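*Asks:* Attaching a single structure in structure tokens format; questions to follow.
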Amino acid sequence: MKKYSIKVVPTSHDSIIKFEANYFLTQHISYEFENIEEAKISPLAQQLFHLPFVKQIFIAQNFVAINKYDIVEWADVQREVAAQIEAYLNEGRSVIEAADAAPKKVPVTVYAESTPNPSVQKFVANKKLVLQTLEFKNIDEAINAPLPTALFNFPFVKEVFLDDNYVSITKYERVEWNDISNEIREFLRDYLEQGKDVVDEAYFKNSASTEATSVDNNASPSVMDENLDEVSKQIITIIDEYVKPAVASDGGNIQFQEYDPSTQKVAVILQGACSGCPSSTFTLKNGIENMLKEMLPGKIASVEAING
């Protein structure tokens, strides 16, 4: 059974706060409710409207956003609201009930971006695709992952990497991006507009598969494996905060593998566009190595970068 957790995320509007879940709440569809009457298709929204300060509710893929009246400050009530949503979800109750509801759909757009790796191109959507990083080296690894499986049916797709709102695709050398980029972009747009699943829930039930091919983007010392030593936790935090955002913009990811206290050596795995990139192994190894040495003086001797 899923164990939901809710994270409070401020927005640019003082009256609106997002309550982000660690699982999808809707099937790539967004709903907006102005009052409790409009929320009859959502038991969760109806419950939240009983809070006197709730003005408007927006339910999207993995979050509930609430616009409040000025009678309270979010600082005084956000923890209680987050706990209420978390408890509701963990009771197994439904977010949206009416299968024939008329949701507010957002048109899907997909655009292509080049990456430093000439074999990899990044395809960015205007909607969230996954809640954690996923990498598929072949079609066998994509069992219960419908979108990667569909992409592997293209003869020129070698590897598929998913993160947040984009797909990074590694191609075989026999084709050029100019010949296939538009085809992939249109396929992705059509696929997502049809509301098809990106990855099935069954995929995540296989814990061995999840551990082998994914890393939690929200990792922090408070939720990391407690068996890790303190230096390893510090390394993961530094990579998450300073390295991942930069490489994600290029369609890649850096995953911590291990730290050996006896040799002070760090091993990281390069994923997506970073994996196999002619320059990334050297550049990222030295960049991460210098950063870790500076931020953890006397604790880091070297960093080994491994292609995922």
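The values are calculated or read from the model by the stated rules, or taken from the named source; none is laboratory data. Every value quoted in this text rests on a predicted model; they were computed, and no experiment measured them. Note that each Cβ is placed from the backbone with ideal geometry, even for glycine, and that neighbours are counted across all protein chains shown.
*Asks:* Looking for something at pLDDT 90 or above and either farther than 28 Å from Asp163 by Cβ or in the same structural domain as Ala125 (by TED's automatic domain parsing) (or both) - is there at least one such residue anywhere in the stretch 11-19?
*Replies:* So far as the stretch 11-19 goes, yes, one or more of its residues are at pLDDT 90 or above and either farther than 28 Å from Asp163 by Cβ or in the same structural domain as Ala125 (by TED's automatic domain parsing) (or both).
*Asks:* List the strands (runs of 3 or more DSSP E) inside the stretch 1-80, counting only whole elements, that have at least 2 residues being within 26 Å of the chain's Cα centre (by Cα) and farther than 21 Å from Arg93 by Cβ.
*Replies:* Values: elements: 6-10, 16-21, 31-33, 54-59, 63-68.
Strands (runs of 3 or more DSSP E) meeting the threshold: 6-10, 16-21.
*Asks:* For the stretch 111-148, which positions are over 24 Å from Leu284 (Cα atoms), surrounded by 17 or more Cβ atoms within 10 Å (Cβ to Cβ) and either in the same structural domain as Phe63 (by TED's automatic domain parsing) or of a type in the set (Asp, Glu) (or both)?
*Replies:* Glu141
*Asks:* Another question, then. Just need a number here: residues in the stretch 160-194 that are of a type outside the set (Phe, Trp, Tyr) and under 18 Å from the mean Cα position of the chain (by Cα). Write out each step before concluding.
*Replies:* Initially, the stretch 160-194 is screened for residues of a type outside the set (Phe, Trp, Tyr), giving 160, 162-165, 167-171, 173-176, 178-186, 188-190, 192-194.
Cutting the leftovers down to under 18 Å from the mean Cα position of the chain (by Cα) gives us 160, 162-165, 167-169, 188, 192.
Counting residues in the stretch 160-194 that are of a type outside the set (Phe, Trp, Tyr) and under 18 Å from the mean Cα position of the chain (by Cα) gives 10.
*Asks:* Just wondering, is there one or more residues in the stretch 86-105 that are part of a loop (DSSP other than H, G, I, E, B), of a type outside the set (Asp, Glu) and touching a Cys at 6+ places or on another chain (Cβ under 6 Å)?
*Replies:* no
*Asks:* Kindly indicate whether Gln47 is in contact with a strand residue (DSSP E or B) (Cβ under 6 Å, 6 or more places away or on another chain), over 22 Å from Asn126 (Cα atoms) and at pLDDT 90 or above.
*Replies:* Numbers: in contact with a strand residue (DSSP E or B) (Cβ under 6 Å, 6 or more places away or on another chain): no; over 22 Å from Asn126 (Cα atoms): yes; at pLDDT 90 or above: yes.
Here the answer is no, as Gln47 does not meet what is asked.
*Asks:* Considering every residue within the stretch 173-195, establish whether at least one is outside the structural domain of Glu20 (by TED's automatic domain parsing), in contact with an Asp or Glu (Cβ under 7 Å, 6 or more places away or on another chain) and either of a type in the set (Phe, Trp, Tyr) or not in a strand (DSSP E or B) (or both).
*Replies:* Within the stretch 173-195 (the criterion being outside the structural domain of Glu20 (by TED's automatic domain parsing), in contact with an Asp or Glu (Cβ under 7 Å, 6 or more places away or on another chain) and either of a type in the set (Phe, Trp, Tyr) or not in a strand (DSSP E or B) (or both)), the answer is no, since none of the residues qualifies.
*Asks:* Any residue in the stretch 82-94 that is without any contact (Cβ under 8 Å) to a residue 40 or more places away in the chain sitting within a Cβ distance under 8 Å of a residue that is part of a helix (DSSP H, G or I)? List the pairs, counting only those 6 or more apart or interchain.
*Replies:* What qualifies is Gln84/Gln47; Gln84/Leu48.
*Asks:* Here is a follow-up. Taking Phe156 as the residue in question, decide whether it is touching a residue at least 24 places away in the same chain (Cβ under 8 Å), out of contact with any Pro (no Cβ under 6 Å at 6 or more places or on another chain) and under 23 Å from Ser275 (Cβ atoms).
*Replies:* Values: touching a residue at least 24 places away in the same chain (Cβ under 8 Å): yes; out of contact with any Pro (no Cβ under 6 Å at 6 or more places or on another chain): yes; under 23 Å from Ser275 (Cβ atoms): yes.
Yes, satisfied.
*Asks:* Looking at Gly298, Gly276, which is the one that is in a loop (DSSP other than H, G, I, E, B) and at pLDDT 85 or above?
*Replies:* On the way: Gly276 fails: at pLDDT 85 or above.
Of Gly298, Gly276, the one residue that is in a loop (DSSP other than H, G, I, E, B) and at pLDDT 85 or above is Gly298.
*Asks:* Please find, within the stretch 154-202, the residue that is nearest to Tyr23 (Cα to Cα) out of those that are surrounded by 21 or more Cβ atoms within 10 Å (Cβ to Cβ) and among the aromatic types (Phe, Trp, Tyr).
*Replies:* The extreme case among them is Tyr166.
*Asks:* With respect to Leu151, is the statement that it is buried (at least 17 other Cβ atoms within 10 Å of the Cβ) and at pLDDT below 90 true?
*Replies:* Details: buried (at least 17 other Cβ atoms within 10 Å of the Cβ): yes; at pLDDT below 90: no.
No, not satisfied.
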